[in-house]
Amino acid sequence: MRLLLINPNISDEVTTLIRAEAKRSAAADTEVTVLTAPFGVAYIETRMEAIVGAYASLQLAAEHGPQHDAVVVAAFGDPGLAGIRELLPVPVLGLTESALASACLLGHRFSIVAISQRIRAWYREVVQANGLEGRLASIRALDRPLAAIGSVQEEHGERLVELCERAVAEDGADVIVLAGAPLAGLARSLRGRLPVPVVDGVSSAVCHAQSLVSLQPGHARRGSFAPPPAKPHRGLPDAIGRLLAAARP
């Protein structure tokens, strides 16, 4: 089984975190490839940045996705997920939907712990888009500047634990979701420290991707995730153009 994880941000340090957690979570015979966006921002906090990350993800998915059995958009917020899912004939997953799916199997109400205050509005909208706003207990986030996106866990680890504990004690969370690729692997180190289950987007996405590939459910040829219809286009990367042509009925 070959899994492709795409970091929609330009941070190689975050890609290293994603790769390490993905390999820890993958089966022994699963081959994991992790790619970094060729353009964009260091990490996504806003809707505009999510648009940029979505296009970068689409470009990498078109170039490399067809050679893999499943593709993961490895940023919380899942930028570009729905569009990439229309284009590729393999399972396409995101960190948010995967982590939320895991959380819903472990408890009724979940809280999301994130790395910045600005990111909270967009995350809430993503939860709403997944139809799970009624199960969201809270979104708590760091309120301190980030010196380096690749070292958030080391610099703010205890503060993140405190936010998790407050989400349980004050917000009634049954499950904690650690949001964002910069926190990849943190849930693994927190096991036993918190009184409720903790889930991670990268490990959830890898495990769910492996399950979907094994289930062999087929891909959409009709419905809202059917391939895009044929129409003229201009200026698109060659890989995207080839997939659009191949998807035509």
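Here are some notes:
- Note on segment 196-249: among residues that are of a type in the set (S, T, N, Q) and at negative phi, the one that is surrounded by the most Cβ atoms within 10 Å (Cβ to Cβ) is Ser204.
- Candidate set: segment 51-72, residues that are in contact (Cβ under 8 Å) with a residue 60 or more places away in the chain and in a helix (DSSP H, G or I); chosen: the one surrounded by the fewest Cβ atoms within 10 Å (Cβ to Cβ): Gln67
- Check on Val168, open to solvent by less than 80 Å² (accessible area, probe 1.4 Å), in a helix (DSSP H, G or I), within 27 Å of Leu87 (Cα to Cα) and of a type in the set (A, V, I, L, M): no
- Residue match in segment 180-189 (condition: within 22 Å of Pro91 (Cβ to Cβ) and either aliphatic (A, V, I, L, M) or in contact with a Lys or Arg (Cβ under 8 Å, 6 or more places away or on another chain) (or both)): yes
- Pairs are defined by a Cβ separation below 7 Å, a sequence spacing of at least 6 or placement on different chains, a first member in segment 217-236 that is in contact (Cβ under 8 Å) with a residue 12 or more places away in the chain, and a second member that is open to solvent by 100 Å² or more (accessible area, probe 1.4 Å); the pairs so defined are Ala230/Arg248.
- Inspection of segment 110-118 finds no residue satisfying the criterion of being out of contact with any helix residue (DSSP H, G or I) (no Cβ under 9 Å at 6 or more places or on another chain), in a loop (DSSP other than H, G, I, E, B) and β-branched (Val, Ile, Thr).
- Every residue from segment 21-50 that is crowded, with 16+ Cβ neighbours inside 10 Å and either at positive phi or in contact (Cβ under 8 Å) with a residue 60 or more places away in the chain (or both): Glu21, Ala22, Ser25, Ala26, Thr30, Val32, Gly40, Ala42, Tyr43, Ile44, Glu45, Ala50
- With respect to the conditions (1) at negative phi; (2) buried (at least 19 other Cβ atoms within 10 Å of the Cβ), Gly180 lacks only one, and its number is (1).
- Of everything in segment 118-155 that is polar (S, T, N, Q) and within 19 Å of Leu95 (Cα to Cα), the residue that is most open to solvent (accessible area, probe 1.4 Å) is Gln128.
- For segment 75-97, residues that are closer than 12 Å to Val126 by Cα, open to solvent by less than 10 Å² (accessible area, probe 1.4 Å) and not in a loop (DSSP other than H, G, I, E, B) total 3.
- Some residue of segment 187-195 being aliphatic (A, V, I, L, M), under 30 Å from Ala27 (Cβ atoms), in contact with a Gly (Cβ under 8 Å, 6 or more places away or on another chain) and surrounded by 13 or more Cβ atoms within 10 Å (Cβ to Cβ): no
- Beta carbons closer than 7 Å, at least 6 apart along the sequence or on distinct chains, pair a first residue in segment 175-188 that is farther than 13 Å from Ile44 by Cα with a second that is in a loop (DSSP other than H, G, I, E, B) and open to solvent by less than 10 Å² (accessible area, probe 1.4 Å) for Leu183/Ile115.
- Evaluation of Cys104 against (1) buried (at least 21 other Cβ atoms within 10 Å of the Cβ); (2) within 23 Å of Leu212 (Cα to Cα); (3) touching a helix residue (DSSP H, G or I) at 6+ places or on another chain (Cβ under 8 Å); (4) not basic (Lys, Arg) (one fails), failing number: (1)
- Of all residues making up segment 156-188, the number that are in contact with a helix residue (DSSP H, G or I) (Cβ under 8 Å, 6 or more places away or on another chain) and not hydrophobic (A, V, I, L, M, F, W, C): 6
The values are calculated or read from the model by the stated rules, or taken from the named source; none is laboratory data. Please read all numbers here as calculations on a predicted model, not as lab measurements. Quick reminder, even Gly has a Cβ in these numbers, built from the backbone with ideal geometry, and neighbours come from all protein chains shown. We work out accessible area using only protein heavy atoms, side chains counted, and drop any ligands, DNA or RNA first. Shrake-Rupley method; radii C 1.70, N 1.55, O 1.52, S 1.80 Å.
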